[in-house]
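Please treat every number below as a calculation from the coordinates, not as lab data. Quick caveat, the model's predicted, so the values are computed rather than measured. Positions of Cβ are generated from backbone atoms using ideal geometry, with glycine treated the same way; all protein chains shown enter the neighbour counts.
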Amino acid sequence: MGEPITVFVGLDVGDKFTDFCVLDEAGAVVETGRFRTIRKSLESELRSYGRVRVVLEVGTHSRWISTVLSDAGHEVVVANARQVQLIWKRPKKTDKVDALLLARLGRMDVELLAPIRHRGREAHVDLACLRARDVLVGARTKLINHVRGALKPFGVRVEGSSSADSFPDAAQVVLPDELTPALGPMLEALHMLNAQIAAHDKQIRQLARNVYPESQRCSQVFGVGDLTALAFQLTIDDPTRFKRSRFVAAFLGLTPGKDQSGESDPQKHITKAGDRFVRKLLVECANRILSPLGGLDSDLRRWGLKLAERGGKNGRKRAVVAVARKLAVLLHRLWLSGEPYRATGYKQAVLAT
């Protein structure tokens, strides 16, 4: 083990500027200030202090900043921003005070910060491909909805366009000449978006099969494709970081929150504290599993349908979230164990968690 750390630094990172506060071993303020959020300034400000403990909140810049500081020999703690209520619930909040509080919390006990661990650079790059596809799909959906809405006042409907791929050609057939200047460029943009999305789909398939073959263990489950399996793996990064598979559901924000005090223990919604992208994909998979039109029979589907039947008015919605939660547990179990998946009779303990 190295020498004990006697200097503690809090960084309140902004997009352009970062406020910092330096404390000594006794908790006295040694220095405060501000520098530009660039690598050169970051390295020069801390160079004179030797090895220090640096605390910052997770955010857009936290991944590269933590890498730079770790490479320089510092101990870096990336705080879970949702857990540091002392900062974001303050009635009078300033960047300077936030940096001071982060430094004091880092000096006391880093566990109070619920520290997170960033995924590796390669995984971050590959995950960017998946997120880029999601943005393209969202843009395509908005364009299609706009074209449909613009045609309806003219009594025109786009027939035979069951898929987004076929929509531009089907819309072009019924497009009135007077609307061509307005909507024609949008149909051209849809063609380009379809081509870009197809290219991303091809890249995702190659990543899933050639770079991350372990993801195929997750895509054994009906309703889980390469996109969800790969996003799940890249987000979790290391399956052994969780002692129990059920902890994965909490990590992804799919477990109900708790606000228990004395005899009061109200039922709360899921925390939504984890990665929103993966959580959305798991919910979409759960909808596919419970689909009345094409759901494949499985223990998970049967469990979800029973839950929906006895759930009352919002039974279906609750069942979808519950299946997404169980699905996260199941995918982690399959990934970690390497066992083949069986739709029925596979690890009943998964459904009991």
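With a 10 Å cut-off between alpha carbons and a GNM built on the chain, which of LYS96, LYS16, LYS202 moves the most?
Of LYS96, LYS16, LYS202, the Gaussian network model singles out LYS16 as fluctuating most.
Using all alpha carbons of the range 1-58, what is the percent of pairwise distances in each 10 Å bin, ordered from the shortest bin to the longest?
Binned Cα distances yield the sequence 22, 56, 21, 2.
Mean separation of Cα pairs under 8 Å and 6+ residues apart, divided by the residue count of the chain: what relative contact order is that in percent?
Relative contact order here is 11 percent.
Calculate the length of the line joining the C-alpha centroid of the range 1-23 to that of the range 148-172, in whole Å.
Spelled out, the Cα-based centre of one part sits 56 Å from the other.
Enter the angle in degrees (range 0 to 90, nearest 10) between the Cα long axis of helix 315-337 and the first principal axis of the Cα atoms of the chain, meaning the one along which they spread out most.
Its long axis makes an angle of about 70 degrees.
Within the chain, what is the longest stretch that has no GluC sites (Glu not before Pro) placed in a DSSP loop and near at most 12 other beta-carbon atoms within 10 Å?
The longest uninterrupted stretch comes out as 26-158.
Run through every distinct alpha carbon pair of the range 121-211 and return the Kirkwood hydrodynamic radius in angstroms, one decimal place.
Hydrodynamic radius (Kirkwood, Cα only) of the range 121-211 equals 14.5 Å.
Place +1 on the Cβ of every Lys and Arg and -1 on the Cβ of every Asp and Glu in the chain, take the dipole about the Cα centre, and give the residue among GLY106, LEU190, ALA231 whose Cα lies farthest towards its positive end.
ALA231
Between the helical axis of 62-71 and the dominant principal axis of the chain, each derived from Cα atoms, what acute angle in degrees is found, rounded to the nearest 10?
40
Projecting each Cα onto the charge dipole of the chain (Lys/Arg +1, Asp/Glu -1 at the beta carbon, about the Cα centre), which of GLY73, VAL22, LEU296 comes out farthest on the positive side?
Highest projection toward the positive end goes to LEU296.
Which value, in debye to the nearest 20, describes the size of the charge dipole of the range 192-282 about its Cα centre when Lys and Arg Cβ atoms bear +1, Asp and Glu Cβ atoms bear -1, and nothing else is charged?
100
Counting only DSSP beta bridges with both residues in the chain, what percent are antiparallel, rounded to the nearest 5?
65
In vacuum, with every alpha carbon of the range 13-150 counted as one equal point scatterer, what does the Debye formula give for log10 I(q)/I(0) at q = 0.08, 0.09, 0.18, 0.19 Å⁻¹? Two decimals, please.
-0.29, -0.36, -1.04, -1.13
Quick one: dipole size for the chain, taken about the Cα centre, charges +1 on Lys/Arg Cβ and -1 on Asp/Glu Cβ, in debye to the nearest 20.
Using Cβ point charges on Lys, Arg, Asp and Glu, the chain gives about 1100 debye.
Nearest 5 percent is fine: what portion of the DSSP beta bridges confined to the range 8-113 is antiparallel?
60
Would you mind calculating the gained length between LYS93 and GLU214 on full extension (0.36 nm times residue separation, minus the Cα-Cα distance), in nm to one decimal?
Full-extension gain reported as 39.1 nm.
At a 10 Å Cβ-Cβ cut-off, how would you order ASP15, ASP165, fewest neighbours first?
The order, fewest Cβ neighbours first, is ASP15, ASP165.
To make sure I understand the rule: partners must be lysines, Cα under 19 Å from the Cα of LYS313, and not fewer than 8 residues away in the same chain. Which ones qualify?
Excluding near neighbours in sequence, the set is LYS268.
Using only Cα atoms and rounding to the nearest 10 degrees, what angle (0 to 90) does helix 95-108 make with the longest principal axis of the chain?
That helix lies at roughly 70 degrees to the long axis.
Run the numbers for GLN196 and GLU339: contour at 0.36 nm per residue of separation, minus the present Cα-Cα distance, in nm.
Result for the pair: 47.9 nm of gain on full extension.
Among (i) 139; (ii) 175; (iii) 221, find the value of volume of the Cα convex hull per residue in Å³ that was calculated from the structure presented, and write down its label.
(iii)
Under the definition of Cα pairs under 8 Å and six or more residues apart, what whole-number percent is the relative contact order of the range 215-352?
Once normalised by length, the contact order is 29 percent.
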